[in-house]
1. Can you tell me which residues in region 203-214 are among the small types (Gly, Ala, Ser) and over 17 Å from Pro160 (Cβ atoms)?
2. Could you figure out which of (1) modelled with pLDDT of 75 or more; (2) over 17 Å from His157 (Cβ atoms) isn't true of Ala254?
3. Given the conditions (1) closer than 25 Å to Val172 by Cα; (2) within 17 Å of the chain's Cα centre (by Cα); (3) part of a helix (DSSP H, G or I), report the number of the one that Arg81 does not fulfil.
4. Quick one: Thr25 ticks every box in (1) under 19 Å from Val226 (Cα atoms); (2) of a type outside the set (Phe, Trp, Tyr); (3) touching a residue at least 40 places away in the same chain (Cβ under 8 Å); (4) buried (at least 24 other Cβ atoms within 10 Å of the Cβ) bar one, so which box is it?
5. When you scan region 178-190, do you find a residue that is part of a helix (DSSP H, G or I) and open to solvent by less than 10 Å² (accessible area, probe 1.4 Å), even just one?
6. Counting residues that are of a type in the set (Ser, Thr, Tyr) and under 22 Å from Ala119 (Cα atoms), which strands (runs of 3 or more DSSP E) fully inside region 2-75 reach at least 1?
7. Out of Thr225, Thr200, I need the residue that is over 18 Å from Met162 (Cα atoms), of a type in the set (Val, Ile, Thr), modelled with pLDDT of 70 or more and open to solvent by less than 40 Å² (accessible area, probe 1.4 Å). Which one?
Amino acid sequence: MSEQSAIFAGDMLGDRVALVTGGGTGLGKATALELARCGARVAIAGRRQDVLEQAAAEIGGLVGGEVHTIGGDVREAEDARRVIGATLQQAGRLDLLVNNAGGQFFSPAELIATKGWRAVWRLNVDGMLNMSEAAYELAFSGTGGGAIVNVTLSPHHGMPGMAHSGAARATVEALTRELARRWAPAGVTATAIAVGTFNTEVMVKYPAAVRAGMSRSVPLQRTGTVAEHAWLVALLASPFGRAFNGSTVTLDGARDNWFGPWPPPGLTDEEGAVPVEERR
């Protein structure tokens, strides 16, 4: 017996095809699993084929169905078109695109080099646009529509230590509103989710002092769970999700309501300095 969603009907997304970028780990993998639980046929995309195949096997084992994997780099426009094309070839259609791929590194703004700024921008902004435009042109336009869900970040009052990501994510929200307006006549909706701090495996890359202070900066006093994020994506993918067209829904345990001195308590190391992430 296949595993069911904890809160949604098992056929809520029946016969729909969903593609999740960055679907091999963390929030992306949890999203793909929940969409499959709701009846969608799911494909996951990313740069590491071995990671994708492991995630697909795990999800398929839980829901009792096949999960397609597509290797590709969303930062490259032609690769984005190839990923969308491969989804259409494998599943015959595409109804939902979840632009989950993204990333950044922790650094004071004055230490961010031009190369680092561009790397974050290409992944978070160019990647979202490449995939969205390819999905619209190849899968949504002239077919009755589709849905795009962009995953971005909270807080909206600024991102100390990640200025490059804050700028890129704000751009994603603005572009979500623009795409929603531009493509509405074709039946295409675009929404965004601004996530706070979630308990995923990728959090181990951040300095220990940052990880220790994460929950203390959230009024809810805990980090989010991957299931909570996946539930929201599924809701926006449902017929009800069309009512949110152009909106950004914040899911951060009221982290946006936090304010205080910089550096905030718990973010500095023993010497009072803001730690810098070691780049690989």
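The values are calculated or read from the model by the stated rules, or taken from the named source; none is laboratory data. In this text, all values refer to a predicted model and were calculated from it rather than measured experimentally. Heads up, the Cβs are rebuilt from the backbone with ideal geometry, glycines too, and the neighbour counts pull from every protein chain shown. Each accessible area value is taken on the protein alone, full model and side chains, heavy atoms only, with ligands, DNA and RNA left out. Shrake-Rupley method; radii C 1.70, N 1.55, O 1.52, S 1.80 Å.
1. Ala208
2. Among (1) modelled with pLDDT of 75 or more; (2) over 17 Å from His157 (Cβ atoms), the lone unmet condition for Ala254 is (2).
3. The one condition Arg81 does not meet is (2).
4. Just one mismatch for Thr25, condition (4).
5. Yes: one or more hits.
6. 17-21
7. Thr200
For every residue, the table says whether it meets (1) farther than 16 Å from Leu19 by Cβ; (2) touching a residue at least 12 places away in the same chain (Cβ under 8 Å).
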site: Gln90; (1), (2): no, yes
site: Leu96; (1), (2): no, yes
site: Phe106; (1), (2): yes, yes
site: Ala109; (1), (2): yes, yes
site: Ala113; (1), (2): yes, no
site: Ser132; (1), (2): no, yes
